[in-house]
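Working notes for the structure below.
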Amino acid sequence: MKLFFCIWSPDMATFLQSFQAAGILDQDGNPVGQYAGSIELSTSWNGIVTKQTGVDANGNPIIETVPGWHCNVRVSGAIAEQFTAGLPQEGTIWERTRAAQAFALTLQPADPVTGFPAGMRNAQGVRFADPSEFSSPSNVWV
């Protein structure tokens with residue numbers, strides 16, 4: 001079983017600090033303890049997302065950078081099993097897992113500026129979304 005989360009953070013440092021405070025990553029950004037071998041971060045695209053916002057007078061696309069830093073997280077193994085044990089596996093990632101409770105996440109509305117969908121957020125302002133809530137060419141795992 002694999003669980004997927006999409007993440008938006010004001011910047012990479014805030015993301016790292018929040019995952020370090022939760023005991024997920026060490027100071028170098030590597031998974032630690034029970035998370036070692038069970039969590040993967042997809043940041044090969046450097047956490048920068050762009051979107052087409054229109055076309056110019058010559059028909060060329062207008063591309064803008066989406067504010068913030070983005071990352072995709074994949075959770076597997078014992079952690080995924082622990083987060084889903086005894087729960088029905090239908091619905092959103094929040095209905096299928098205990099992630100919100102485990103990390104004291106609170107509801108977060110959609111952000112019209114970044115286009116990041118409604119989901120959850122941690123105390124440091126890092127937002128988490130179910131990847132089924134939007135389409136992203138960067139949300140591809142190999």
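The values are calculated or read from the model by the stated rules, or taken from the named source; none is laboratory data. Please read all numbers here as calculations on a predicted model, not as lab measurements. Quick reminder, even Gly has a Cβ in these numbers, built from the backbone with ideal geometry, and neighbours come from all protein chains shown.
Go through the range 107-128 and count every residue that is in a loop (DSSP other than H, G, I, E, B) and either within 22 Å of residue 51 (Cβ to Cβ) or more than 13 Å from the chain's Cα centre (by Cα) (or both).
Let us first name the residues in the range 107-128 that are in a loop (DSSP other than H, G, I, E, B), namely 109-118, 122-126.
Keeping just the survivors that are either within 22 Å of residue 51 (Cβ to Cβ) or more than 13 Å from the chain's Cα centre (by Cα) (or both) gives 109-118, 123-126.
Within the range 107-128, residues that are in a loop (DSSP other than H, G, I, E, B) and either within 22 Å of residue 51 (Cβ to Cβ) or more than 13 Å from the chain's Cα centre (by Cα) (or both) number 14.
Taking the conditions exactly as written (in a loop (DSSP other than H, G, I, E, B), out of contact with any strand residue (DSSP E or B) (no Cβ under 8 Å at 6 or more places or on another chain), surrounded by 14 or more Cβ atoms within 10 Å (Cβ to Cβ) and among the hydrophobic types (A, V, I, L, M, F, W, C)), does residue 104 satisfy them or not?
Details: in a loop (DSSP other than H, G, I, E, B): yes; out of contact with any strand residue (DSSP E or B) (no Cβ under 8 Å at 6 or more places or on another chain): yes; surrounded by 14 or more Cβ atoms within 10 Å (Cβ to Cβ): no; among the hydrophobic types (A, V, I, L, M, F, W, C): yes.
So residue 104 does not fit the description; no.
Residue 7 versus (1) loosely packed, with under 14 Cβ neighbours inside 10 Å; (2) in contact with a strand residue (DSSP E or B) (Cβ under 7 Å, 6 or more places away or on another chain); (3) at pLDDT 90 or above; (4) aliphatic (A, V, I, L, M): which is the lone unmet condition?
So the condition that residue 7 fails would be (1).
Being assigned to a helix (DSSP H, G or I) and not small (Gly, Ala, Ser) narrows it down to one of 89, 52, 82, 27, so name that one. Lay out the reasoning, then the answer.
Working: 89 fails: assigned to a helix (DSSP H, G or I); 52 fails: assigned to a helix (DSSP H, G or I); 27 fails: assigned to a helix (DSSP H, G or I).
Answer to the check: 82.
Is there any pair linking a residue in the range 73-92 that is at positive phi to one that is modelled with pLDDT of 90 or more and surrounded by 17 or more Cβ atoms within 10 Å (Cβ to Cβ), with Cβ under 7 Å and at least six apart or on different chains, and which?
What qualifies is 77/38.
Here are the criteria: (1) touching a helix residue (DSSP H, G or I) at 6+ places or on another chain (Cβ under 8 Å); (2) farther than 19 Å from residue 128 by Cα. Tell me which single one residue 81 does not satisfy.
(1)
In the range 36-80, what count of residues is obtained for those that are acidic (Asp, Glu) and surrounded by 13 or more Cβ atoms within 10 Å (Cβ to Cβ)? Break it down into steps so the answer makes sense when it comes.
So the first thing to find is which residues in the range 36-80 are acidic (Asp, Glu), and the list is 40, 56, 64.
This time we only want the ones that are surrounded by 13 or more Cβ atoms within 10 Å (Cβ to Cβ), so: 40.
Residues meeting the conditions: 1.
Here's the yes/no breakdown for (1) touching a Lys or Arg at 6+ places or on another chain (Cβ under 8 Å); (2) under 18 Å from residue 130 (Cβ atoms); (3) modelled with pLDDT under 90; (4) not aromatic (Phe, Trp, Tyr):
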position	(1), (2), (3), (4)
11	no, no, no, yes
19	no, no, no, no
23	no, no, no, yes
33	no, no, no, yes
46	no, no, yes, yes
53	no, no, yes, yes
57	no, no, no, yes
72	no, yes, yes, yes
